[in-house]
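Just so you know, all these numbers are worked out from the coordinates, no wet-lab data involved. Computed from a prediction, not measured in an experiment: that's the story for all the values here. Every residue, glycine as well, gets a Cβ built from its backbone with ideal geometry; the counts of neighbours run over all protein chains shown.
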Amino acid sequence: MTNEQVDYNVDELIAHLAEKTKVAAGTIKLVLKHEQTFIDKAKPNAQGEYDIDSDELVDYILAQKDVKLDELTLETILDAEMQYLLENGYADYED
């Protein structure tokens with residue numbers, strides 16, 4: 001996984017996630033902000049790739065004082081985000 005910016009409509013993503021998860025758009029926007037901060041702080045490995053541990057990401061977001069979600073709801077948001085990115089060609093899984 002590289003740490004490159006992906007060009008997609010954030011408002012569309014937020015609306016999609018709100019519909020799929022039944023979580024308020026403002027809360028999803030906050031989650032995405034903290035997720036991006038976590039990713040921006042990640043260090044590349046020797047090949048220049050970024051390995052983001054999903055458990056560490058969840059723990060980081062839940063530790064933020066302004067996030068009032070349980071772990072299952074947060075994971076549901078992140079899973080729905082990944083599904084959206086995969087379905088729309090913005091992400092792919094590496095072997």
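Miscellaneous remarks
- Sparse packing (at most 15 other Cβ atoms within 10 Å of the Cβ) combined with a DSSP loop state is found for the following chymotrypsin sites (Phe, Trp or Tyr not before Pro) in the range 17-95: Y50, Y90, Y93.
- Largest mean-square fluctuation among D53, D66, D79, in a Gaussian network model of the chain whose springs join Cα atoms under 10 Å apart, belongs to D53.
- The chain: angle of helix 71-87 to the longest principal axis, Cα-based, in degrees nearest 10: 60
- Charging the Cβ of each Asp and Glu at -1 and of each Lys and Arg at +1, and nothing else, the dipole of the chain about its Cα centre rounds to 580 debye.
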